[in-house]
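A.B. asks: Before anything else, here's the structure in question.
The values are calculated or read from the model by the stated rules, or taken from the named source; none is laboratory data. This structure is a prediction, so every number in the text was calculated from the model and none was measured. Neighbour counts run over all protein chains shown; Cβ positions are idealised from the backbone, glycine included. Surface accessibility is based on the protein's heavy atoms, side chains included, excluding ligands, DNA and RNA. Shrake-Rupley method; radii C 1.70, N 1.55, O 1.52, S 1.80 Å.
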Amino acid sequence: MATNPITIDQEPATSSKEASSQVRKTYPVTGMSCAACAVSVESTLKTTKGVKDAGVNFATQSAWVEAEAEVSAETLQQAVRSVGYDLIIDTENAQEKQAVSQQQEYQALKKRTFYAALLTLPVFIIGMFFMDIPYANWIMMVLTAPVLFWFGRNFFANAWKQARHLKANMDTLVALSTGIAFLFSAFTTFYPEFWFSRGLPAHTYFEAAAVIITLISLGKLLEERAKANTSSAIKKLIGLQPKTVHAIIEGVEQEIPVAQVQPGYLILVRPGEKIPVDGIVQSGFSYVDESMISGEPIPVQKQKGDQVFAGTVNQQGSFRFETQKVGGETVLGQIIKMVQEAQGSKAPVQKLVDKIAGIFVPVVIMISILTFAAWMLFGGEDAFTHALLTSITVLVIACPCALGLATPTAIMVGVGKGAENNILIKDAESLELGHKVNAIILDKTGTITEGKPAVSGIQWSAEVKEEQKASYKRILYTLEKQSEHPLAEAVVNALAEEERAVTHQKAIELERFESLTGRGVKAQAAEQTYYVGNLQLILEQKIALPNRLEEQARAWQQKANTVVYFANKDQVLAVIAIADKIKATSRQAIQSLQEQGVEVYMLTGDNQQTAEAVAREVGLQHFKAEVLPSDKSDFVKELQQKGKIVAMVGDGINDSQALAQADVSIAMGKGSDIAMDVAKMTLITSDLTAIPKALNLSGKTVKTIKQNLFWAFIYNVIGIPIAAGVLFPFFGFLLDPMIAGAAMALSSVSVVTNSLRLRSTKL
């Protein structure tokens, strides 16, 4: 089986001349702990001199920057460091370094949380049950100080870095709330008589400050662990590549790390081994499981001259191959890059969430100040105590983390789930829009059918004498060999053997070869003009079509064959039947889409009879025959003007225009590189049932995003007023800052956990 590899272009450069000197790069970011952090890093990068645009994804912990070529990575790193975060600018193994950094941060956070909890436990017990023991406040102050200013020092350090740039994030809220609680309690510990002399109790809130730091640290720990699971699809893809290879160096087999392999190396692959990089077989024979690239379960035969791809598995036999592409240039490397970029892209709804997250923290601080002022004015006897308690609780409970994680974690899991089901999604927008599709257009050849047409019959005109056939066949062969149409390949294959048998004869020379878009080709041979194409071409050129050939053509078309006409300028010389087998799952996929309420259309350049026969066989009601490439794009526009959300599925260069016009574009993985470059989704399988799965995945992902956003918003909408004390006048209820801290931490964990449910969902 021939395999057409997937190739994905590098990041497209901006088209204008002005922007030609701009470069776009993606860097891992470390140190971000909330959505407001991502907004802060993004705004810092955007305001760096020379940067045209930038974006940060909190869930993937990465930033892309489009900047003038002279802006160095060190400049960007310095800017990000100034607000308390870091960029990994080392291009060598950046992902691995980020993974190591995140692991180190995770382990450090784990230690800090453990020791903070160890010191917090006695503070909590004393504060809640043994406040009357001697020196209770002093003991609690001594135990709480390290919890805040050592194990929780990052909150204060990050808040200070933000404040220097007149910015605020979640760390600001934590630092303000726990810092104020600690200072107030320390003042009370040192000068309790200040309150006694005014007839007020000398309460301290050491236990609240310590518990808040510990619970928030614990929440971040659980959040980091859950987030790590959202990128499991990438880890699985990376795991497909072996760590070492058997290289033949100066005739000697040596085992070397895959990172050392360069193009031109000779690699030995034994039975059962994974192929490490892309290359061409030089010797040996085997069968290779390429299902991770092609989706086809049947192993592919490999012999000298065949291509092999990284990540595929050698089944039996052994062979040597010369490496061509290594690292990120391999097909596997580009698939990983595509999935990473899609996971890092922002859905349209995320832009709104980012704006909200950017103003969220300042608004919360303002609400906290207003809460304090309101309690001081109307709080009665314990006005100051209540004002302090409620304003701290407002700061603690308002967590932008859940808001920031709601969309990107769902997108990450959704894109990963797609990759596991042979659906590569290029950007989040397609994933968000897919479930709204109510009209889908399928190209026939290569999409509904196998795309491997073969000649099933040739009928010559009675006017053509037996001795002329050989000459005409050579002209037909030479003409079709010049054509790029997939049907031409079928004719060439059918005539190849006869052509090989006459190698002693002089080759046919063509003149004025011309490709007639959507119709066929024409050229001159021996001063005679010949045409190969469809019926439209014959009718346009007013070429005579004998009745016998017309009847034969009609009979073939009614059996879903495509008919190609071979003619000179006077008459049709032969009609050729080409059959393209319909895929086994096409009917099931179309039925599934129709059951989902999607109108399914088929477009084909074939004639009406063939199109009708194929449509009948797969259960299609809507189809258009004899469609030119430009007509496909126009048909997409026509449906869009009727208010339809249109998805286009195709595999050829001639589908590219329609793919670009469609709201959601889906390329078949074995199609042309151009089609896959234009499309926002690529199916790494020939199975059309992946399309309803892709639409299902979109619906489930969007549902998860909505659930996440609902819980994130409702949490704050309900939590902040309660924290401010709105229930106190009616029920005498005030929310404890410790409970607020626990609720805040759990809200983030619940959002990530809800996103992770997508991993087990059935498509």
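A.B. asks: Give me the 1.4 Å probe accessible area per residue for the chain, excluding ligands and nucleic acids, in Å². Before the final figure, lay out each step's value.
C.D. replies: Values: 34820 Å² over 763 residues.
Per residue, the chain has an accessible area of 46 Å².
A.B. asks: Counting helices only, and only those DSSP H runs with n ≥ 4, report the 222 nm mean residue ellipticity of the chain as the sum of -39,500 (n - 2.57) divided by its residues, in deg cm²/dmol to the nearest 500. Walk me through the numbers on the way to the answer.
C.D. replies: Working: 27 runs with 383 residues, N = 763.
So the calculated ellipticity at 222 nm is -16000 deg cm²/dmol.
A.B. asks: When the solvent-accessible surface of protein heavy atoms is calculated with a 1.4 angstrom probe, in what order do TYR191, TYR85 fall, highest first?
C.D. replies: The residues order as TYR191, TYR85, largest area first.
A.B. asks: Let me have the relative contact order for the chain, percent, based on Cα pairs under 8 Å that are six or more residues apart. It would help to have the intermediate numbers written out before the result.
C.D. replies: Values: 1466 pairs, mean separation 105.6, N = 763.
The normalised contact order for the chain reaches 14 percent.
A.B. asks: How big is the charge dipole of the chain about its Cα centre, in debye rounded to the nearest 20, if each Lys and Arg gets +1 on its Cβ and each Asp and Glu gets -1 on its Cβ? Don't jump to the answer; show the numbers that get you there.
C.D. replies: Numbers: 70 positive and 75 negative charges, 259 e Å.
The calculated dipole for the chain is roughly 1240 debye.
A.B. asks: Would you mind telling me the share, in percent, of accessible area of the chain contributed by carbon and sulfur at probe 1.4 angstrom? Walk me through the numbers on the way to the answer.
C.D. replies: Working: 19200 of 34820 Å².
Carbon plus sulfur share of accessible area: 55 percent.
A.B. asks: How big is the accessible area of ARG474 in square angstrom, nearest 10, if you roll a 1.4 angstrom probe over the protein chains?
C.D. replies: Its heavy atoms expose roughly 30 Å² to the probe.
A.B. asks: Which value, in Å² rounded to 10, gives the accessible area of TRP138 with a 1.4 Å probe and all protein chains present?
C.D. replies: 100 Å²
A.B. asks: Which peptide among 312-320, 681-689 comes first, and what is the full order, when sorted by highest mean count of other Cβ atoms within 10 Å? Spell out each step's value before the answer.
C.D. replies: Values: 312-320: 18.0, 681-689: 23.8.
So the peptides 312-320, 681-689, ranked by packing, come out 681-689, 312-320.
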